[in-house]
Structures are given as structure tokens and as C-alpha cells.
1. Quick one: pull the percentage of alpha-carbon pairs in the range 264-347 with a separation above 14 Å.
2. Restricting attention to the alpha-carbon atoms of the chain, what are Rg (one decimal) and Dmax (integer), both in Å?
3. What does DSSP give for the range 243-346 in terms of the percent of beta bridges that are antiparallel, rounded to the nearest 5?
4. Got a sec to turn the phi values of the range 150-155 into Karplus ³J(HN,Hα) couplings, 6.51 cos²θ - 1.76 cosθ + 1.60 with θ = phi - 60°, whole Hz, x for Gly and Pro?
5. Residues of the range 78-113 with backbone nitrogen within less than 19 Å of a virtual label 7 Å along the Cα-to-Cβ line of T13, please, listed as ranges.
6. Ignoring solvent entirely, what values of log10 I(q)/I(0) come out of the Debye formula for the range 230-285 at 0.19 Å⁻¹ when each Cα is a single scatterer?
7. Residue separation times 0.36 nm, minus the C-alpha to C-alpha distance between V346 and E197: what's the value?
8. Which values, in whole Å and largest first, are the semi-axes of the equivalent ellipsoid of the range 123-193 obtained as the square root of 5 times each eigenvalue of the Cα gyration tensor?
Amino acid sequence: MINNAPIDMGGFTLTSDAPLGGRNTLRVNARAKLLAEVRDPTKLPEILAYPAIRGGKVLVLGEGSNMLIGGDFDGTVLAMATSGVETFQRDDRVLIRVAAGERWDDFVRWSLGQGYAGLENLILIPGTVGASPIQNIGAYGVEVAEFIDTVEAWDTHKGEFVVLDKAACAFSYRDSTFKQQAGRWIVVAVTFALPRERPLSLDYVGIRDEVAKMGVERATPYHVAEAVVRLRSRKLPDPAVIGNAGSFFKNPIIGTNKADALALAHPGLPVWPHDGGTAKISAGWLIEAAGFKGEREGDAGISNRHALVLVNHGKATGPQLWAFAQKVIAGVEAKFGVTLEPEPLVV
């Protein structure tokens, strides 16, 4: 290929020297040596065997909403552009198979419209369905792992398509086998088991109060979704307005004794019970208390609306954004003795 005009290969499109600035929500201007947009996942073996791709670096990209790109990518970016939702019965359960390229928020709204429950707390999260199991996305007290039945993926180690059940996915807080073995799996579809009815998750801070403000006495999944939309819209900056990747830092999980000591020394620090003698504490609270909320250096900074959100005010590069994130990590560690970890993939 001698120019960067897209070439349709039948089931996928190849573009050389492809711009990525519009393909990541932090709006980092970078380029990929080659971009492969995949419409037919069965073409993956052919794509990966293509001479310009075989043996080189490969990065799978959805909407780029959970990624910080450090600079130009000297390899192939695989963008999943697949679509489709299928519903079928298995024993006493209704299962919903969703193509990896479908937008997550569109699927959540579709599920609510079909009368299914479970995903209402996860509304308005940017990204694709294929990215949801990788990060084990979660919000407002709910994680997607609870509703995943299986994940279909291309296994680059075995060179074959595989179906992983929930146990094989090794889900944990913002983690999975897909993240632990980065580069091995290319997710092509996710099957969800969604009930018609289930107890609503209202106990996360703000949801119950927001539902009450809406004048709702008996909440449904739709009402919870509306409450979450209102909360997220007030607290989190819109990537369409200012570049960001949502929550950039994980809530730290530390020993219970250390969490209790921090809460005693710093009244107001949110602490939640976790598994195995550990506790989860609020990264946002730590960052704000360390003085970083609303701070910036050049075009890289922390949102003045939510301390968890790293933002690009204009033309910050990947290295500039990452340097500011590391400054925040160092500042929180110096003040509280707690090391923050980034939630997005840092390329």
C-alpha cells in the first residue's frame, strides 16, 4: 500500500499510516502503521496471516475509551467493527449473544427496552461490548462479570477460536484473564445471561437519593438507569466535550488494618469491605485530598468535576498525560502511603 486510502479486503478493511486521534477518547494524536477494521470475525486468521501483519505487534481497539496511547504505534491496530445481537434459550435461561463491535451503552439501553434487568447500573459507560469482559467493567456497585455466561475469542497462542466460560475468564476487580494475558485473546462476542427480574442495586452512594428525587416510590431497572445517567452526567466530564477515558485510577484494595488506620487519620475517607481481609478505599477521595482535583500542566490535568478523571484540555500528547498521571500517583503515595494503579491500558 502506497497511500493511506482504505482498501476493502472483503470482511475487513486495511488502511496504512492510519490516524488514531479520533479513535481514542483521550484524543491523543497518534498514528498506526496499519489499521485493520474487522467486519467479519471469521476473517481474523486471514488478517493475522497477512504479510504486512504476520509476526508484528497487534493492538485491539474498540472505541479507545479505556486506553492511553503513548505515541505512534509501529504495528497493526485491529478495530472490531462487528455487529449483531442474538437471543436464544438454553434450559431455563435466556441468553443474549452480542458481537464485540456493538457499543456498550447501546446494548444496555436495548436490554432495558427488551425488559431485561441487571445492566441498569452500567449505563452510559463508553466503549464496546468486546471490551467489557477485558476490564470487567463496573459502576455504581455492579460488575459486568455477574451477567457474563461465555466469551468467544480468537486465541493467538493456539491459533483457534475458543469459548471461555465465566470461571475461565478469571474475573476480579477491573481484571480478567484477557487483561492478565494481554495480547493472547481477541474477543469476538460476549454472551450474557440477563434475568427479567432481580433485586435492584440501590445502595451505592447517591442512587437511592436520586431515585427519591425523581419522585419514584417503587423503582424499576429503568428508574435506576435514569438515576445513574443523571449522576454520571453531573459528575463525569463528557468525552465529546473534553478528552478523557473515564475513571483513570482504580480504587486501591489494601489490608483492613491499614484501611482502618487511614480512616481514623483521615475522617471522611470512604472505605468499603472487600474479600479476604482487605478493604477498598476511594481513589477519587485520595486524589482530591492530595490537591490534584482541577490541576493541570499544559493540556494534561485532572478534571475539576471528578478527581478520578485524567483529562486532555487540548493537545496533550500521550507522554504528557502519562507524566501527569505519574505525578498524581507519586503525590498520593507520598501523602497516604497508598499506590494508585491506572485503570485503562497504557500503550
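Nothing in this text is a laboratory measurement; each read-out follows from the coordinates by a stated rule. The model shown is predicted, which means the values in this text are computed figures rather than measured ones. Backbone-built Cβ (ideal geometry, glycine too); neighbour counts: all protein chains shown.
1. On the way: 2253 of 3486 pairs.
Distances greater than 14 Å cover 65 percent of the Cα pairs.
2. Using the Cα atoms of the chain, the pair Rg, Dmax is 20.7, 64 Å.
3. Values: 15 of 15 bridges.
Around 100 percent of the beta bridges assigned by DSSP in the range 243-346 are antiparallel ones.
4. Going residue by residue, I get 8, 10, 9, 8, 8, 8 Hz, with x marking Gly and Pro.
5. 78-84, 100-103
6. Each listed q maps to, in turn, -0.73.
7. Working: separation 149, 0.36 × 149 = 53.64 nm, distance 3.79 nm.
Here the answer is 49.8 nm.
8. 20, 12, 11
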